[in-house]
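Here the structure comes first, spelled out in structure tokens, and everything after it is commentary.
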Amino acid sequence: MESSKNTKKSAKKPPLAAELSAESLVGVEVFRHLDAAQRGELARLCQGRRYTAMQRILSHKDESQDIFFIISGKVRVTIYSLAGKEITFRDQGAGEMFGELAGIDGEPRSAHVMALEDSLLASMSRETFWQVLRRYPEVAEFTLKRLASLVRLLSERVFEFSALAVRNRIHAELLRLARENLHPDNRATISPSPTHADIASRISTHREAVTREYHNLSQAGLIVQQRGELVINDVARLETMVREVTGD
């Protein structure tokens, strides 16, 4: 319940305004096919906002409808149960976007979003975003593909919650993280290492279960925790373990 109180307190602090330019949007994936002049035009249609670590950006059920693009930093998308339990959907970093669901359908926000570290964001109004989608087919295509990937991810997680044991859900979540941080030698380095509580929040279990399974994986030589990093020594082996229980 303490994390819920902390994020509520952070909501009182407004973000700082920041200037944006065409260069600011270079790393934003949804705009990657646009040229400098087009990015400059979009930058003028956005508002720059700086958030500090642990500052609330959006709240569940908010009526706001802006779309956000992460220029630098990292955010976490979560929701809280009535008892105050935090459920983490995903973490997002530089280049990604969020808030597009409310921006598209006009409904209230579906989750909380909090800055995990100092972050620079660009926000765009719902009306402007729709104009951009109609004007730039490549932006509309990227947005559609992104929504499809979110549906696939949520479908995977619903299946895992329904069909897999806790230890297997831990493996599946580690595999997702490994794929995002994969090295050519079949190893993955996740930095900073997610805490046991973070993993537990992602898969709806408790921290002690994650600690036990991490111990088992360490004993088997599959993972190593060192200097704030989590190293997965054999991603292919982890993938095989997941496939054996999911049937993929």
In region 2-137 the DSSP beta bridges are antiparallel at a rate, in percent to nearest 5, of 100 percent
Fewest-first ordering of Arg49, Arg176 by Cβ atoms within 10 Å yields Arg176, Arg49
If the chain between Glu244 and Thr211 were fully extended at 0.36 nm per residue, the gain over the current Cα-Cα distance would be 9.6 nm
Extend 7 Å from the Cα of Leu16 along its Cα-to-C-beta direction; within region 94-131, residues with backbone N under 14 Å of that point are 118-121
Given Cβ charges of +1 for Lys and Arg and -1 for Asp and Glu, the option among Ser24, Thr52, Ala163 whose Cα lies farthest towards the positive end of the dipole of the chain is Thr52
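May I ask you to compute the full-extension gain from Ile87 to Thr52, defined as 0.36 nm times their residue separation minus their alpha-carbon distance, rounded to one decimal in nm? Let's see the in-between values first.
Numbers: separation 35, 0.36 × 35 = 12.60 nm, distance 2.16 nm.
Roughly 10.4 nm would be gained on extension.
Mind sorting Asp66, Asp185 by how few other Cβ atoms lie within 10 Å of their own Cβ, fewest first?
Numbers: Asp66 21, Asp185 9.
If I rank by nearby Cβ atoms, fewest first, I get Asp185, Asp66.
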Relative to the chain, whose Cα atoms define the longest principal axis, helix 137-163 and its Cα axis are tilted in degrees, nearest 10, by 30 degrees
Expected sort for Val166, Val113, Val235 with the fewest Cβ neighbours (10 Å cutoff) up front is Val166, Val235, Val113
By the Cα gyration tensor axes a ≥ b ≥ c (a/c under 1.5 gives rounded; else a/b larger than b/c gives prolate, otherwise oblate), the shape of region 163-246 is oblate
So for region 136-199, using the alpha carbon gyration tensor with a ≥ b ≥ c as root eigenvalues (a/c under 1.5 gives rounded; past that, a/b versus b/c decides prolate or oblate), I'd call it oblate
Check: in the chain the Lys pairs 8 or more apart or on separate chains whose Cα atoms fall under 19 Å apart number 12
Note to self, the chain gives a 222 nm [θ] from helices alone (DSSP H runs n ≥ 4, -39500 (n - 2.57) apiece, / all residues, nearest 500) of -13500 deg cm²/dmol
Taking 0.36 nm per residue of separation between Val26 and Val158 and subtracting their Cα-Cα distance, the length gained on full extension comes to 44.1 nm
Highest GNM mean-square fluctuation among Phe89, Phe129, Phe159, for the chain with Cα springs under 10 Å, belongs to Phe159
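Would you work out the charge dipole size for region 2-137 about its Cα centre, treating the Cβ of every Lys and Arg as +1 and the Cβ of every Asp and Glu as -1, and quote it to the nearest 20 debye? Intermediate values should be presented prior to the final figure.
Numbers: 20 positive and 18 negative charges, 92 e Å.
Dipole of region 2-137, to the nearest 20 debye: 440 debye.
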Magnitude of the Cβ-charge dipole (Lys and Arg +1, Asp and Glu -1) of the chain about the Cα centre, nearest 20 debye, reported as 620 debye
Summed over the other residues with a beta carbon less than 12 angstrom from that of Ile223, with K and R at +1 and D and E at -1, the charge totals -1
Ranked by GNM mean-square fluctuation in the chain (Cα springs under 10 Å), the top entry among Gln55, Gln219, Gln47 is Gln219
To the nearest 20 debye, region 144-192 has a Cα-centred charge dipole, built from +1 on Lys and Arg Cβ and -1 on Asp and Glu Cβ, of 140 debye
Per the C-alpha gyration tensor (a ≥ b ≥ c, the square roots of its eigenvalues), region 2-137 is rounded if a/c is under 1.5, else prolate if a/b beats b/c, else oblate; here it's prolate
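Laboratory data are not the source of any read-out in this text; all were calculated from the coordinates shown. Quantities reported herein were computed from a predicted structural model and do not represent experimental measurements. Ideal geometry is used to build each Cβ from the backbone, glycine not excepted, and the neighbour counts take in all protein chains shown.
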